[in-house]
Amino acid sequence: MCQNILLPQCAKGDIENSVLATGRIDAIERVNVGAQVSGQLKSLKVKQGDHVTKGQLIAEIDDLPQRNDLRNAEAALNEVKAELQSKQALLKQAELRFKRQLRMLRENASSHEDFESAEAMLATTRAELLSLNAKLVQAQIEVDKKKLALEYTRVVAPNGWNCYCHCHSARANPLTQTRVPQQLLNSLVWMS
């Protein structure tokens, strides 16, 4: 018995095999990016799924407090510099007075008391100058710290990947308010 069988037309081409499945795709590597200073978020510069490049600005935090802190630190630094200049002038004056008293003492034209007073003034002024130099270093360190804090208000991408945005507030746990009768307060268990 003979049957007619229809065969499909053959053609050359690539064979494609597809599998449809449900699942979840996770990144091989994740980088959590956060601000190193606290403050109010001023602007978010990227959206979910955006491709970011290394060093690209992602977010800005309101920098007014950090700018004001920097200005205060710079003012304190300038104040120490002015004190230092004043103390250097006093040191020159104390050195001249000491030399004059020493010369006068050698010529028996001055008392030992005046010489010792000039010597003590010179030593005191030198010590105060050393102290001011230390304060100058501290004030400069404070300015550098405030500049760094100001830079930290600009959050930048550490690498060039796709962005997954999920913003967290500073308060990780929501606040809950509950009314409990006084007699039950001792039996409550606090969980964090």
Practice task
Evaluate region 165-188: report whether one residue or more is modelled with pLDDT under 85 and surrounded by 12 or more Cβ atoms within 10 Å (Cβ to Cβ).
Solution key: yes
Problem - Leu70 in contact with a His (Cβ under 8 Å, 6 or more places away or on another chain) and either surrounded by 16 or more Cβ atoms within 10 Å (Cβ to Cβ) or not in a helix (DSSP H, G or I) (or both) - result: no
Practice task
Please find, among Leu150, Leu84, Leu96, the residue that is of a type in the set (A, V, I, L, M, F, W, C) and closer than 30 Å to Ser38 by Cβ.
Solution key: Leu150
Practice task
Could you please find all residues in region 33-51 being more than 10 Å from Val155 (Cβ to Cβ), of a type in the set (S, T, N, Q), modelled with pLDDT of 80 or more and in a loop (DSSP other than H, G, I, E, B)?
Solution key: Ser38, Gln40
Completion exercise
For region 123-134, pairs from a residue that is surrounded by 12 or more Cβ atoms within 10 Å (Cβ to Cβ) to a residue that is not hydrophobic (A, V, I, L, M, F, W, C), with Cβ under 6 Å and 6 or more apart or across chains, are Glu128/Lys87; Leu129/Lys87; Leu132/Glu83; Leu132/Lys87
Exercise for the section: Considering only region 52-67, state which residues are outside any loop (DSSP other than H, G, I, E, B), surrounded by 15 or more Cβ atoms within 10 Å (Cβ to Cβ) and hydrophobic (A, V, I, L, M, F, W, C). Expected result: Ile58, Ala59, Ile61
Fill in the blank from the handout: Note on region 91-118: residues of a type outside the set (Lys, Arg) and surrounded by fewer than 15 Cβ atoms within 10 Å (Cβ to Cβ) are Gln93, Leu96, Leu102, Glu107, Asn108, Ala109, Ser111, His112, Glu113, Glu116, Ser117
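How many residues does region 96-154 contain that are in a loop (DSSP other than H, G, I, E, B) and out of contact with any strand residue (DSSP E or B) (no Cβ under 7 Å at 6 or more places or on another chain)?
The number of residues fulfilling the criteria is 6.
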Problem - Lone qualifier among Leu90, Leu77 - being closer than 30 Å to Gln40 by Cβ and part of a helix (DSSP H, G or I) - result: Leu77
Practice task
Determine, yes or no, whether Leu84 is part of a helix (DSSP H, G or I), at pLDDT 95 or above, surrounded by 12 or more Cβ atoms within 10 Å (Cβ to Cβ) and under 38 Å from the mean Cα position of the chain (by Cα).
Solution key: yes
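The values are calculated or read from the model by the stated rules, or taken from the named source; none is laboratory data. Not measured: the values here are computed from a predicted model. So basically every Cβ, Gly included, is an ideal-geometry build from the backbone, and we count neighbours across all protein chains shown.
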